[in-house]
Each structure stands twice: as C-alpha cells, then as structure tokens.
Amino acid sequence: MDHSTTPILDALADYHRLGRYGFTPPGHRQGRGADPHVHAVLGDALRADVLASGGLDDRLARGRYLTDAEELMADAVGAEMAFFSTCGSSLSVKAAMMAVAGGSDGLLVGRDSHKSIVAGLIFSGVQPRWITPRWDSERHMSHPPSVEQVRQAWERHPDAAGALIVSPSPYGTCADIAGIAEECHRRGKPLVVDEAWGAHLPFHDQLPTWAMDAGADVCVVSVHKMGAGFEQGSVFHAQGDLVDFSRLSACADLLMTTSPNVLLYAAIDGWRRQMVQHGNELLSAALKLSERARSDVARIPGIAVMEDELLGVEASHDLDRMQLLMDVSATGATGYEAADWLRAHRHIDVGLSDHRRILATLSIADDDTTIGALVEALSAWRDQLKDPQPHGIRLPAPSELELESVMLPRDAFFGPVEAVSLREAAGRIAAEQVTPYPPGIPVLVPGERINEAVIEYLLTGHAAGMNVPDPADPELNTLRVVAE
C-alpha cells in the first residue's frame, strides 16, 4: 500500500482548496461565526472542523477517505482490521468487551484495569471474572498479571468468553502477552489487550512487543497518549478468527458518536504516515533522550528512577522506558506535593502522581531543551524541600484490596441506592466506582463489598491530596451503596 498518502488529511486540504461551504453543522462554519476570542485561540482548529459525511466526504462516503485511512493503518502495523475512534480508547475497549463477551457467562478481566473497563462492565452487564495483578507490596503498586495468574483464572472460570488485560500499565510495565495469548488460544478464547499506552510499540524493536505481534486478537491503542494525535484519538486493531469483525464494528457503531471530529481522524491518519516513514529514527532519538533523562534525574538526591525493580518474577515482563517513573519517597514528600510544586513554580505538569511517585511521559516531541527543563525543575524542587510532614496515608496490603464481588457491576450501579457516610460504609456493597486518578484504576467497583482498609485508604489519601473524581460526593463524606 502507498503509505505516502494520507486520505483524510489530503481530503481536508482539498476541502479548503476547493472552497467548499456547507449549510450543515458545525454552525461556526469553519470559524466564520465563532466568537472573536474563540477564533483567536482556536482559529486553525476551527478551520479544520468540518462535517465528516456530507462535508469532507459526500453523503454516501463514496470517497472512502476513512475506509482507506483505516486500511492503511492496519497495513502499517500488520493487523487485519483497524477502526478509528474519536471517543477515545474508552469507547474502543467497551466495544471490544461487548463484541467478545456480550450476553456471555463472563469475561476474565485484570483487576488493575482502567475505569473505562469498569464502565464497560456496567454498560454491558458482563460478569467480571477478576484476574489478580502482580503486587509489589513494598512499593504499593500493581503490575500486569503473569501467565500463571491468567492460567489460574481460566481454571476457575473455563466458560468465560475471553480475557482482557491492560499492558502497558500506566507505569510502563508490560505483561507477557505472547504467553497469555497462548493460554487463551489453546482454549479457543480470544485475548483483548487494552494497550492504550502502547500506540508507538509497533514502530521500534527496542520497545516492548506490540500486542498484535504477540498474538492478541484485539488491541486498543490511544494515539493521543504515546503517538501524535489529538486527545480522544484511538484505534482498535483486530486479527484472527476468534473475534467477529462485523460484530466488533457494530458494537463500536452503537457507542460511537454520529458526529465524529474530522480533526481527530486527520491527525491519526497523518501520524500513521509519519511513523511508517520516520518512526524508527524518531523513536531511536527519543529512546536515547530517555536514557539521558534517566541518568540525569537519578543523580538528584532522594529521587530514584525506577527500572530494575519494575522487572522480574514479581514485577513485569518488560518495560517501556519512555515512561520515566520516579520514586520521591526518600525525600519525605509525596508525589502529589511534587506534582503541585512543579506546576506552580516551573509550569511543568507530570502525567501521574501518587503517594510516593511521579511519572514523566516522554515522546518523540521532546528534546534537550524540554529534558533540561524537567531535570532543572526537579532539582529545584528537591533543593527547596525543608522538613516534609509524614503523609499519613493508610496503605492497604494487597490482600485488603481484593474485595469480594457480590453483585454484577450493572445491577449494583443501576439498582436502588442510598448515600451513607463513608466512615460507616464497611460491609456495604458499593454502587459507584471510586477511582484515584490518575492512573485511573478503581479501588472500588460497583458490586464489591467495602472493607475498613479501603475506607481508611480513601479518607487518608484524600486528605493528603489524592484526586478521586468519580463519587457523587467529591469530598468523600458519603458514598453511594446498594440500598438495604
């Protein structure tokens, strides 16, 4: 296929060259009707905001711009099918779950899954059959499940429709996807991989193995995370005969907006061409820069760049070194405090912070200047620290986080509920998910029985700066539970 072409991007250029004008949405008419201040800030984006069907393409999509772009994407990464989503990987993973497990007896799901997967369980009514992740109890973090943990889950639930795991994790740690795919396939069951953080993986051999190359049946990637697309740009890929492609597309269509944003499509299309033509050299430079960043940050007293401890039997199978994970606990400060200081005093945002870590996600856009600014800012943060106060977060043991599932997430969420004091919620069944964010892994899933350890973790974590955006009561004074 001709990867020098960009069907959607080229069609958008033609739209402007021909001076097309539509008496259709969007009502701002490529910025003509926008407020002047809006236009001053968003001018170029407004100009590219055109109707997809009956605008960029004709009313019957006879130009095939989206179809051709999706076929080029599939060819670029060696998949049989690609589907573009303008509603993020949150939509893509829900579509995959519904296609694989809708109407079934359950789906094997990693308990370290993102909140969007829990939303998929609620929408679909699928019974989760939880796979326990690998826990680092000393550092209080999880890694993707091992092959053995997936095998054990299959032995407990042989009638599950398939398995879904997250790899890479938000920390950059990766599962042995080939081994897990083998466990699924010898049972005739598909493997879905939420690889939202892995869009770049197919394009360089020094990065962890991409899910499709390792035998996954469906792989979901977020182009905006590790690629060069707009926020919400996502692609799912599929291969093999264990997943019905037509059903997968139909499930995506059920969830998809009927007004997709052409900017997102065009950016995905252009990024594919960039990766095919220049991805190896761009990622080689980025990986080299990552090595420098890791070395420079590691010399700052009290900041430990995590790498070796993220690999091994009790950790992950592989590691994406574009994710610069830093443990700041030796300074006495929390990751929340470090992130807040960097934003307030150096105008630098980090992608993740928790009770002891911060994460800087590196990309092909970074260079010596941006890395130098990061290192200088971290050094300045460390230098200004006085005597940090203990954070007081009550961190549960891994066993305390493995809550009993007593109801379907759908039934708990949509059934009769009541609000009770969080301090008095032990023993009750959660009716809403509670998710420290980022990274977005729920501590409570609807249908789980709440225990004292999780309550203490949430109360003390919230007091120390943890962001918990999901509950109806953002202050966590109350929690929605199943009514008795």
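The values are calculated or read from the model by the stated rules, or taken from the named source; none is laboratory data. Predicted model only: the values in this text are computed from it and were never measured. Quick reminder, even Gly has a Cβ in these numbers, built from the backbone with ideal geometry, and neighbours come from all protein chains shown.
Couple of notes before you dig in:
- Tabulated pairs, the stretch 165-180, first on the phi > 0 side of the Ramachandran plot, second part of a loop (DSSP other than H, G, I, E, B) and of a type outside the set (A, V, I, L, M, F, W, C), C-beta under 9 angstrom, 6+ apart or interchain: Gly172/Pro208; Gly172/Asp320; Gly172/Arg321
- Conditions (1) in the same structural domain as Pro144 (by TED's automatic domain parsing); (2) surrounded by fewer than 21 Cβ atoms within 10 Å (Cβ to Cβ); (3) among the hydrophobic types (A, V, I, L, M, F, W, C): number failed by Val93: (2)
- Count - residues of the stretch 13-28 that are hydroxyl-bearing (Ser, Thr, Tyr) and in a helix (DSSP H, G or I): 1
- Here Ser290 meets each of (1) in a loop (DSSP other than H, G, I, E, B); (2) in the same structural domain as Leu325 (by TED's automatic domain parsing) with one exception, condition (1).
- Highlighted here are the helices (runs of 4 or more DSSP H) found entirely within the stretch 29-141 that include at least 1 residues which are under 30 Å from Pro471 (Cα atoms) and among the small types (Gly, Ala, Ser): 88-101, 115-124.
- Just one of the listed residues (Ala252, Ala211, Ala216) is of a type in the set (Gly, Ala, Ser), surrounded by 18 or more Cβ atoms within 10 Å (Cβ to Cβ) and within 16 Å of Ala76 (Cα to Cα), namely Ala211.
- The selection criterion, being touching a helix residue (DSSP H, G or I) at 6+ places or on another chain (Cβ under 9 Å), at negative phi and not assigned by TED's automatic domain parsing to the domain that holds Gly102, holds for Asp320.
- Total residues in the stretch 416-451, condition among the aromatic types (Phe, Trp, Tyr) and within 19 Å of Pro398 (Cβ to Cβ): 0
- Note on the stretch 148-196: residues that are farther than 16 Å from Val243 by Cβ and over 23 Å from the mean Cα position of the chain (by Cα) total 13.
- Residue check: Pro170 meets all listed conditions (1) assigned to a strand (DSSP E or B); (2) at pLDDT below 95 but one, namely (1).
- Taken as a whole, the structure places Ser4 among residues that are out of contact with any strand residue (DSSP E or B) (no Cβ under 8 Å at 6 or more places or on another chain) and either small (Gly, Ala, Ser) or outside any helix (DSSP H, G or I) (or both).
- Filtered residue count, the stretch 259-275, keeping only those that are surrounded by 19 or more Cβ atoms within 10 Å (Cβ to Cβ), assigned to a helix (DSSP H, G or I) and not basic (Lys, Arg): 10
- Filter result for Asp49 (among the acidic types (Asp, Glu), over 15 Å from Ala252 (Cβ atoms), surrounded by fewer than 24 Cβ atoms within 10 Å (Cβ to Cβ) and out of contact with any helix residue (DSSP H, G or I) (no Cβ under 9 Å at 6 or more places or on another chain)): no
- Subset of the stretch 317-346 (residues that are touching a strand residue (DSSP E or B) at 6+ places or on another chain (Cβ under 7 Å) and either part of a helix (DSSP H, G or I) or among the basic types (Lys, Arg) (or both)): Ala330, Gly335, Tyr336, Ala338, Ala339
Yes/no matrix, rows are residues, columns are (1) aliphatic (A, V, I, L, M); (2) under 16 Å from Gly332 (Cα atoms); (3) assigned to a helix (DSSP H, G or I); (4) in the same structural domain as Ile303 (by TED's automatic domain parsing):
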position	(1), (2), (3), (4)
Ile348	yes, no, no, yes
His355	no, yes, no, yes
Ile364	yes, no, no, yes
Thr369	no, no, yes, yes
Glu376	no, no, yes, yes
Ala380	yes, yes, yes, yes
Pro390	no, yes, no, no
Ile393	yes, yes, no, no
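- Residue in the stretch 395-436 that is nearest to Leu479 (Cα to Cα), counting only those that are assigned to a helix (DSSP H, G or I) and more than 26 Å from the chain's Cα centre (by Cα): Leu422
- The residue list Ala344, Ala304 contains one member that is modelled with pLDDT of 95 or more, surrounded by fewer than 21 Cβ atoms within 10 Å (Cβ to Cβ), of a type outside the set (Phe, Trp, Tyr) and in contact with an Asp or Glu (Cβ under 8 Å, 6 or more places away or on another chain), which is Ala304.
- If you filter the stretch 229-241 down to residues that are in a loop (DSSP other than H, G, I, E, B) and more than 15 Å from the chain's Cα centre (by Cα), you find that the one that is surrounded by the fewest Cβ atoms within 10 Å (Cβ to Cβ) is Asp241.
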